[in-house]
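Only one structure is covered here, and it is reproduced in the block below.
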Amino acid sequence: MQQKQLNIELRSKTGKGISRQLRNADMIPGVVYGKGMDPMPISVRYRDMKDALAGEGGHNNLITLQGGGALDQAMVIVSDIQSDPLKGTYRHVDLHRINMNEKLRLTVPVLLKGTSAGVKEGGLLDFAHHELHVECLPCDIPDNIEVDITSLKIGQSVHAGEIKPKEGVKILDNPKTALVNILGRAVEEPEAE
């Protein structure tokens, strides 16, 4: 888990027109919310937001806010980020203020390690679930959860209940959920004479 810093500015005006003006000035409108506080509208430089999400942790990076009056030095995590479907640019960001002593529920990417023995024999890899839902303290957020698939043969699977995350991390998915399956060989069509 990586810790990043993000410069923010509080804003007093909200609405479509203001949001459009911010985006034209290479800024992203956003809001910070959390337990025991009123939502606070903010604006963030586009490049700063990109830097805060860079690295393996991505949306799960812990971010320390810089500036913003009462929000200065507050620890947040990205709750939601809206992107333009055509340009891929960020349009709006929701930041959730967190308490370092309270557990969070979030999704963590699954990373496959190795090449399956079944795939080497001609089987097909079915990577069914690319994320796991976990619960942990903010300081224990894993960048990803590695699943070693080198010993998997055709017809075998890895289920969520078989994953042993690091200490302090609890997997919330159904233990019977299949993450990875090695399917049988593809049937070859006989050649037409």
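Some points to look at:
- Considering residues of region 103-126 that are in contact (Cβ under 8 Å) with a residue 60 or more places away in the chain and charged (D, E, K, R) only, the residue surrounded by the fewest Cβ atoms within 10 Å (Cβ to Cβ): R105
- You will find that of V169, V134, the residue that is touching a helix residue (DSSP H, G or I) at 6+ places or on another chain (Cβ under 7 Å) and under 28 Å from K50 (Cα atoms) is V169 and no other.
- Selection of region 47-63 for residues being surrounded by 15 or more Cβ atoms within 10 Å (Cβ to Cβ), of a type outside the set (D, E) and either modelled with pLDDT of 90 or more or over 11 Å from the mean Cα position of the chain (by Cα) (or both) yields M49, A52, L62, I63.
- Restricting region 127-149 to residues that are assigned to a loop (DSSP other than H, G, I, E, B) and free of Cβ contacts under 8 Å to residues at least 40 places away in the same chain leaves a set whose member that is nearest to T107 (Cα to Cα) is H130.
- Among the conditions (1) without any contact (Cβ under 8 Å) to a residue 60 or more places away in the chain; (2) touching a helix residue (DSSP H, G or I) at 6+ places or on another chain (Cβ under 6 Å); (3) closer than 16 Å to M100 by Cα, G36 misses just one, which is (2).
The values are calculated or read from the model by the stated rules, or taken from the named source; none is laboratory data. Quick caveat: nothing in here was measured; it's all calculated off a predicted structure. Virtual Cβ from ideal backbone geometry, glycine too; neighbours counted across all protein chains shown.
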